[in-house]
Every structure is written in C-alpha cells, then in structure tokens.
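The values are calculated or read from the model by the stated rules, or taken from the named source; none is laboratory data. Since we're looking at a predicted model, the values are computed, not measured. Please note: Cβ atoms are built from the backbone with ideal geometry, for glycine as well, and neighbour counts cover all protein chains shown. Side chains are part of the model used for accessible areas, which takes the heavy atoms of the whole protein and leaves out ligands, DNA and RNA. Shrake-Rupley method; radii C 1.70, N 1.55, O 1.52, S 1.80 Å.
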Amino acid sequence: MFARSTEWIEERLGLRPVAARVLDHPVPKYVTWLHCFGGLTFFTFLILVVTGVLMAFFYVPTPDHAHDSVQWFQQTVPFGTIIRNLHRWSAYTMVVLVFLHMLRVLVHGAYRKPREMNWVVGVVLLLTTLVFAFTGYLLPWDQKAYWATNVGINIAASTPILGSFLAGFLRGGPTLGALTLLRFYALHVFALPLVLVGGLLFHFSMVRKQGIARPL
Amino acid sequence: MRFLGKLLRRGAYQPTLPGLQVPRRAHRAAGDKGDGARGGRPGLRLVTESISRRTFLSGTLAWITAAIVSAVGAPVATALIWPAFQKSKGDWSPVARLDNPGPNQADLSAVDKPILTHFTALVQDAYLEAAPQNMPVFVVNHGKGQFTIFDVRCTHLGCPVNWDQKTKKFYSPCHDGVFDSEGRVLAGPPPRPLDRYEFKVEKGVLYAGKLFKVDDSLRRVTS
Ligand code: FES
C-alpha cells in the first residue's frame, strides 16, 4: 500500500528526479569525519526549530508571566522538561559545533578562492547563532537570565561612541524590562530565524555549486 | 567508526544478510526440536542473500532518521495535544447576597423573572492558579430557595441571549434562536435548551457551581 501511494504521488508530482538531483551526488574521496561538523550544526538547528516552535505554544513573553509560564511548562506539561532541556543543550551544542566547523574550514584552508563569499556568509551565520544564544538566554526571565542580560547590555554599552545608543536599543529604553523581553523574544523567534534560514540556503547552495574544497 | 569508514570508502563491499531456511525434503526425527542442536544433522541450512551496499546504507539511514524523528516528535506531539484533554474543575463562586445585595450585586428578590447578572469564577488558566473570569448569567428566583442559573450563551453558536419580559422568552440575536422561560428551544437552530449552572444557597448567599447541559425534558445530561 505504501509503495502504491508513493507511486500515486510520484505520477502526479514527479519529485523523484528532483530528489535525485538534490541527494544523489558523488562525494569526493578526501571527505573525512571532520567534514561532518557543518551538517551536525544544521542537525542541532533542526532540533532547535522543532522544540522552539513547540515551546512558543506555551511561552508568554511578558514580565509578569514569562517565568511562571516557563515553570508551568516544565512542571505540568508532559515532556516539558525534556523538550526545554533538548532546546537548551542543542543550543549549547550548536555554538560549539559552529566553532568546530569554522576551525575545520580554517585548518583545511577551505575559505580560499573561490569560496571567500561563503566564508563571509558563514561568519554572518556564526554571529546570528551567537545572537540567538544571547536573546534566548533572557527568555526564561529568572535571576540568571536577568543579570546575564544586564552584563551583556553593559558590554554593548562599552562600545566607543555608539555604546549608549546600542544599550538603549537592546534594552528598548532606559530600563531592562517589558520591552527588553519583548524585543529579545521577537528577535529570537521571528527575525533571527529568517536571517539564519536565508543564510543557510546561500551557504548550502554554494557548497553544492563549488563542491567540497580539496584539503591542503 | 572504522567499520563505517570502510563501508563508505571501499567500492565493492557487499554485506550479506544471513537467513535460515528449511530445505524442502528435510524432515524431523522424533525428539528433534528442529533447532539443529543435535550435532551433524543437516536439518537446517544456512543460506545468504546479498543486498547492495547502497541499499544497506540507505535503509540504515532511513531507520536512523525514523528513530530520531520519533524520539523528538513523540514528546513534542504529546505536549502539543495535551491541553485538549484538560478539564476545568468547577468550583463554587458567589453570585449575590439574597436578602441584602451588595453595591455591585443583582437584586434577585423578584420571583420567576430572569435577572441578567454575572459572577466571577476563579479558574485555573494554564500557569495562573486562580484567574478571575467573568461569567454572565440569567438568574431566576423560583421562591422557596429554588433558583435556576442560565448561561447567557446560546447553545447554537454562543451569542449572548436577551430576555424579553413582554413575550417571556429568550431571544438569540444571531440566528433567531428562541427559548422559553425554562430555556427550552422554541424556534431556530439551537440544538438543545440553554445550559445551566449548579446552584446552592449558603448563609443567604447564592453560589454558582459547575456548568451543565440539559436535554429537551430539562434533565441533566453532563456531569
Ligand atoms: S447563536 Fe443563537 S441562534 Fe445562532
């Protein structure tokens, strides 16, 4: 039955050649396990998307409710603890993997011509990941989140000339409060995912177009 | 790791799946369980069937993918549908003092006349233990401590009904649903009489309890 229904769909959409074009391609002999870091980073991103979308169904981004809704999600909703920790650990892992991936590219010299643009996009993706981590840290709205964000904003404030503007922009005003939480939330769940997915599309298609760099 | 690396690199690697097959003419001697435990007896023959490396790898990949998807998907799906199974635990909420109503309370002394009022129920709203919710109701005092508390929401699609004192009927403003003074459907699309709240009177105060449905002969149908 399964085979028949796939046939039915295939007759109408003809997706097999497309899938073959995307998935079936020769991998060069010099590919090693070290080349997995990029793919693994993407894998953690997928887990973050799934668990993050689920938590968005339960999270309330306001100062009076954020902490309570997170606690309630963990203690009352089935698998809440697992899902939230999966999100947390995937986030930590993603940051580590992104750096390992960058290190591999650096050591192999894979950033050289003609791949410079993909290196630049990769750096944008790295920064996006770090902003993801920074904004996500505030959302549980507990003491650690509050003070860590306070420190983060103070670091931004120490930028020469632009410092106080940056801090005010991040805080959404003079106090760390409702608007801070809301803009971190909006960045974390709306703006950054768009940037990251856009960057990934470019990154992946360039890898496919240019192939994997020969090691030195 | 080394094993997989070999699989990926070597061109002509052909893994085989062993399978047990009983030859046609083999028959069991008495006492032989057919497990081949008795030495040397050729009851069972090992045959092998080879599959291509590509099939083996893509099959393995598909199973691993399925395992990961279900490991992440099952908890996520469970958490997502869980709220649909939560029931509200109805508690008693005060509606009005009967003899000497407070400033924001309805005067329920008129007998057999539906009075539009509301009470505040403290409901569990997700992480809020006691979220105040406004419950508009029609209260009918039948005298002798007997009351009916109607939910104002029409049983068709939930528009708040109005009471008309001249015709002594409830009218739904949305699709011409009409109910009599006891909540029975007289006309229009509503599928059942008006829903009611349990009531009790304690120390001169009228309380509303759980919401319940009634059938056409006004018997309670939901707990
Ligand atoms: S909602 Fe009352 S008749 Fe439709």
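Structure values in brief
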read-out	value
Relative contact order of segment B:124-208, pairs being alpha-carbon contacts under 8 Å that are 6 or more residues apart, as %	21 percent
For B:HIS118, solvent-accessible area (1.4 Å; no DNA, RNA or ligand), Å²	90 Å²
Crossing angle, helix A:116-138 versus chain A [Cα axis fit, 0-90 degrees, rounded to tens]	40 degrees
Length added when fully stretched, A:VAL124-A:THR62, from 0.36 nm per residue minus Cα-Cα	19.4 nm
Interface A:B - total buried accessible surface [probe 1.4 Å, Å², rounded to 100]	1700 Å²
Folded to 0 to 90 degrees: helix A:143-157 orientation relative to chain A principal axis, Cα	80 degrees
Heavy-atom accessible area per residue - the protein assembly as shown, 1.4 Å, Å²	65 Å²
Relative contact order [Cα under 8 Å, 6+ residues apart], chain A, whole percent	23 percent
Proximal lysines to B:LYS168, defined as alpha-carbon separation beneath 16 angstrom and excluding residues fewer than eight positions away on the same chain	B:LYS113
Set of lysines with alpha-carbon distance to A:LYS209 below 23 Å, sequence-local pairs under 8 removed	A:LYS29, A:LYS113
Neighbour cut-off at most 12 other Cβ (10 Å), DSSP loop, trypsin sites (Lys or Arg not before Pro), segment A:72-168	A:ARG112
Sequence of B:THR167, B:THR148 when ordered by accessible area, the most exposed leading, probe 1.4 angstrom	B:THR167, B:THR148
Rg/Rh (Cα only; Kirkwood hydrodynamic radius) as it applies to chain A	1.05
Cα gyration tensor category, rounded, prolate or oblate, for the protein assembly as shown with a/c compared to 1.5	oblate
Label zone at A:VAL31 (point 7 Å along Cα-to-Cβ), backbone N below 17 Å, segment A:192-212	A:203-212
Charge context of A:VAL96, other residues only, Cβ under 14 angstrom, K/R +1, D/E -1	+2
Greater than 22 Å apart at Cα, pairs in B:LYS87/B:LYS213; B:LYS89/B:LYS144; B:LYS169/B:LYS213	B:LYS89/B:LYS144
